[in-house]
Structures are given as structure tokens and as C-alpha cells.
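Below is one structure, written out as C-alpha cells; the observations come after it.
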Amino acid sequence: MPVSILAPGADVRDGVHDVAGRLVSGRRGILAVDESIPTMNARLAAVGVEPTADNRRDYREMLLSAPSLEHGVSGAILNPETLGQTTADGTPFADLLAARGILVGVKVDTGTSLLPRTAGETVTEGLDGLGERLAGYAAAGARFAKWRAVLRVGPRRPTARAVTANAHALARYASLCQAHGIVPVVEPEVLMDGDHGVARCALATSGVLREVFRQLTAAGVDLAGTVLKPNFVVPGSRVPAAPPAEVAAVTREVLGAHVPPTVPGVAFLSGGLPPELATAYLAALQPSGAERLPWQLTFSFGRALVDPALTAWAGRRDRWADGQRALLHRVEANAGVLRPAL
Ligand code: 13P
């Protein structure tokens, strides 16, 4: 029976509330291993591994079968290729994760394309046929999804045109996900690229979040069944990094002004930050003592969790456990700083 897009039933609503809450609570976070095939191939090639489907599978299997991963990881975001793959012994990746109590997520956008009448800004694509794909992903075991919008800071950037187009696509994606009982992880990333200061990032992130929540609300998205995946508010990557206390204060101010308290959790992306610095920012953002915040604050890191593991493994069977140890080291470091916020 087709699911109504306008009025999801009570079961669907309860389901997305439950999954969204589980993703961001229990001192766990999200592991993002959803790199596109070209990106994954480039990362494999950089450590001397031939970029084949089997090697992409082996790398993801090394990560996702790491012992006790579930102690610090609530959910894993897979590339659609991985969701359709099995481990070397024939177990579907979705079953491997579900058996460990790790929620299965899938990246559903199809990447960016140039936005006309802008100076090189992009809009994220993937809405065509998305409903059908979501039905297939749900049948394959996915409980949540991810869509990444990309905004750049620069002279007169991001433009209102780019912000509006990306926020609109995020809202359409999010409402389609919920109609299929899938939790949308809403990722509007303001890139670190550039030599701007923290104030420019704060301004851009504020404008983006304001428009994203305006469009989510206009599209009828149930915010209690979503997770926000934003950037930390940081200076550009070509200027010195800001101290954790400053990043935490500015990030909290921006979130406080634009993220409704009905959103259960905020799971930050790492954006190319050095792994230890991403952890320090996450730690500084946590509530102290009896302090209460409107949302759980956790991680949904890609590179800050997996880069050390990729280097340690480097495609060698005899270094499988080294790769897993490197991943677990970062997972434990991040999960270890999380504090209940609600
Ligand atoms: P990074 O943490 O490497 O930025 O990746 C997170 C992610 O999922 C990007 O879409």
C-alpha cells in the first residue's frame, strides 16, 4: 500500500521518533562511511590500494566488523553500493550492523551540480525517483538516510539563491524520508575552505540553518523525527584553528538561535578537521555539570574517525586488526566525551 506523503500514520511517526532518539543518545554517535565511489577510490589509491569494488568492500568490512564498535556507534551511514554488498562470508552489511544493534543508514543524494546564475555554487541532486529508492533502501534494512548540501564561504557567498535551493532540496528529501518511515539526517555543510574568520562562518551557518528550518517546517517535516548534521562553526582552513572554548561558544550561539528544541539531536560532521581537534570541539560543546541543552550533541564523523584506520590498514590483510584498533581509538575518544544533555 502506498504511504501517504502528507499524513504519515502514527506508527511511522513513532518509528522515526524512536530511531532519531536512538541515533543521538546513549553516549554514542554516527560513523559515516558513505564516501562516493570516486572519493573512496581516490582514498584507496592514496594508500596504495587498487580501487576495485572488492577492495571498497574489504575496507568497509574491516571498519564495520571492528570488535565492540557498537559501544560507541549508534548508526553507520553506508554508500548505496555497500548496502547492496555482502561481507566476504556472504553476510549482507545491513545484517552485520543490525545484529550488533547499529542502525543502518544510507546516503541518498547523488552529489552536486553547478547552480545556474551563481559563480560556481552548487545544488545537491537526487530527488528524481527518490521515493522508489527509499522504499528499496528501507526493504534492505535502512532506518535512516543522509543528504548533504554544500555551501561555500567567499566574497558574497553563500548567495541567497544557493542557500534557498539547497534548503528546499533538503526539505523535499526529509519529507520523502519520513513518508517511508526513514529518519532524515539533514546535513547542510558550510565548508571550511577559505581564509575567513569564525565570524564569517557563524554568519553563513546562521543564514543556512535559518532557511533550512524554514523550509523543513514549510514542507511539514516532523522535526522530532530528524537529526541535524551541521559543521562546527570554525574559521577557514587556511587560517589558524580557533581554540575549543571559542568554537563551542560560537557554535552553541548559532545553534541556539536557529535549531528548534523539538530536534532531538545534533550530530556534527568533521569537515576535514584533524581528528583530535574535532574531538576537542565536540568535548567543549558538551553540557557541564547539571546544565541542560535542548538537544543531544554527538558526532557523525567521516574522516575524523576513519582516516587513521585507512592508513593503518593500507589494504593489507596482516594489518586488518591495526585498522580496527585505529578506528576504535577514535570512536572511544569521541564517545568518551559525550554527556547527556536533556
Ligand atoms: P566528514 O566528517 O569527513 O566531514 O564526513 C561526514 C560526512 O558524512 C560528509 O557528508
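Assorted remarks:
- When DSSP beta bridges are restricted to pairs lying wholly in the chain, around 15% turn out antiparallel.
- Cβ-Cβ FRET estimate between ALA88 and LEU342, R0 fixed at 51 Å, reported to 0.05: 0.80
- For the range 13-89 versus the range 173-240, the spacing of their alpha-carbon centroids is 22 Å.
- Ranked by how many other beta carbons lie within 10 Å on average, peptides 176-182, 28-34 from highest: 28-34, 176-182
- Cα gyration tensor shape of the chain, rounded if a/c is under 1.5, else prolate or oblate by comparing a/b with b/c: rounded
- Estimated from the Cβ-Cβ distance and a Förster radius of 22 angstrom, the FRET efficiency linking ASN55 and THR112 is about 0.30.
- Computed [θ] at 222 nm, helices only, for the chain once each DSSP H run of length n ≥ 4 contributes -39500 (n - 2.57): -14000 deg cm²/dmol
- Scoring 43-49, 72-78 by mean Cβ neighbours within 10 Å over their residues and listing the highest first yields 72-78, 43-49.
- The range 260-293 and the range 321-342: distance between their alpha carbon centers, rounded to Å: 14 Å
- Inter-probe distance in nm under a simple model that places probes 7 Å from Cα toward Cβ, at LEU203 and ASP128: 3.7 nm
- Where a label projected 7 Å from the Cα of ARG100 along Cα→Cβ would reach, residues of the range 15-58 with amide N under 13 Å: 29-33
- Virtual spin-label span in nm between VAL47 and ALA283, 7 Å along Cα→Cβ: 2.4 nm
- Only Cα pairs under 8 Å and 6+ residues apart enter the sum, and on that basis the relative contact order of the range 1-159 stands at 19 percent.
- Residue ranges 262-269, 87-94 sort as 262-269, 87-94 when ordered by packing (mean number of other C-beta atoms within 10 Å per residue, highest first).
- R0 of 30 Å, Cβ-Cβ distance GLU291-HIS17: FRET efficiency to nearest 0.05: 0.80
- Working from label points 7 Å from Cα in the Cα-to-Cβ sense, the ALA314 to THR262 distance is 5.2 nm.
Each reported figure results from applying straightforward, stated rules to the coordinates on display, with no laboratory input. Small disclaimer: the values here were computed from a predicted structure and weren't measured. Cβ atoms come from the backbone with ideal geometry, glycine included; neighbour counts cover every protein chain shown.
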